[in-house]
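Peer 1: First the structure, which I've put down as structure tokens, then a few questions once you've had a look.
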Amino acid sequence: MERKMTRKGEFVLRQLADEYILIPYGTTTEKMNRVLTLSETAAFIYEQTGDAVSEEEIARRLGEAYDVPAEDVQEDVNAVLQTLQNCGVLECA
């Protein structure tokens, strides 16, 4: 079964040099009063969750972007999505 992830709360993603910062805003700041620093790859994965695609589809897109097989990045995609879910940024759709 494909698991689809969607964004939870209001966040803005900003790039500062070679890091990406995920900043809560609006009512989300009442629940989360910290920013998250993401790698380029984690930021790419987060950006893909805007249209509630499956973990497999995100891995396919990441593989295309970096010219590697989706199977080679699937485990990393799953780990990043799980971390973002644990932080309260994503939820299962």
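The values are calculated or read from the model by the stated rules, or taken from the named source; none is laboratory data. Computed from a predicted structure; not experimentally measured. Glycine also receives a Cβ, built like all others from the backbone with ideal geometry; neighbour counts cover every protein chain displayed. Accessible surface is based on the protein model in full, side chains and every heavy atom, while ligands, DNA and RNA are left aside. Shrake-Rupley method; radii C 1.70, N 1.55, O 1.52, S 1.80 Å.
Peer 1: I'm a student and want to see the number: the projected area of the Cα convex hull of the stretch 43-88, averaged over all directions, in nm².
Peer 2: In nm², the orientation-averaged hull projection of the stretch 43-88 is 2.9.
Peer 1: Taking amide hydrogens as modeled 1.01 Å from N in the peptide plane, which residues meet the under 5 Å criterion relative to Met5, leaving out close sequence neighbours?
Peer 2: It is Val53, Glu55, Ala93, by chain and number.
Peer 1: Compute the distance in nm between two label points, each set 7 Å from the Cα along the Cα-to-Cβ direction, one at Tyr66 and one at Ala79.
Peer 2: About 1.0 nm, to one decimal.
Peer 1: Right, here's the next one. Please compute the alpha carbon radius of gyration of the chain, then divide it by the globular-protein estimate 2.2 N^0.38 Å. Two decimals is fine.
Peer 2: Numbers: Rg = 13.0 Å, N = 93, 2.2 N^0.38 = 12.3 Å.
Cα-based Rg divided by the globular estimate yields 1.06.
Peer 1: Averaged per residue, what accessible area in Å² does the chain show with a 1.4 Å probe, protein chains only?
Peer 2: Counting only protein heavy atoms, the per-residue value for the chain is 61 Å².
Peer 1: Any chance you could run the full-extension gain for Gln15 through Val35? It's 0.36 nm times the residue separation minus the Cα-Cα distance, nm to one decimal.
Peer 2: Details: separation 20, 0.36 × 20 = 7.20 nm, distance 1.26 nm.
So the extension gain works out to 5.9 nm.
Peer 1: To continue, here is another question. What residues have an amide H closer than 5 Å to that of Tyr20, excluding those fewer than 5 places away on the same chain, when H is modeled at 1.01 Å from N in the peptide plane?
Peer 2: The list, which skips near neighbours in sequence, is Leu38.
Peer 1: Before anything else, pin down the relative contact order of the chain: Cα pairs under 8 Å, at least 6 apart, normalised by residue count, whole percent.
Peer 2: Averaging sequence separation for qualifying contacts and normalising by length gives 34 percent for the chain.
Peer 1: Continuing with this model, one more query. Which whole-Hz couplings ³J(HN,Hα) result when phi for each residue of the stretch 40-51 is put into the Karplus expression 6.51 cos²θ - 1.76 cosθ + 1.60, θ = phi - 60°, listed in order with x for Gly and Pro?
Peer 2: After applying 6.51 cos²θ - 1.76 cosθ + 1.60, I find 4, 5, 5, 5, 4, 4, 4, 4, 6, 7, x, 10 Hz.
Peer 1: Right, something else. So what J values fall out for the stretch 60-72 if you push phi through Karplus, 6.51 cos²θ - 1.76 cosθ + 1.60 with θ = phi - 60°, rounded to Hz, Gly and Pro as x?
Peer 2: 4, 5, 5, x, 5, 5, 10, 6, 9, x, 4, 4, 6
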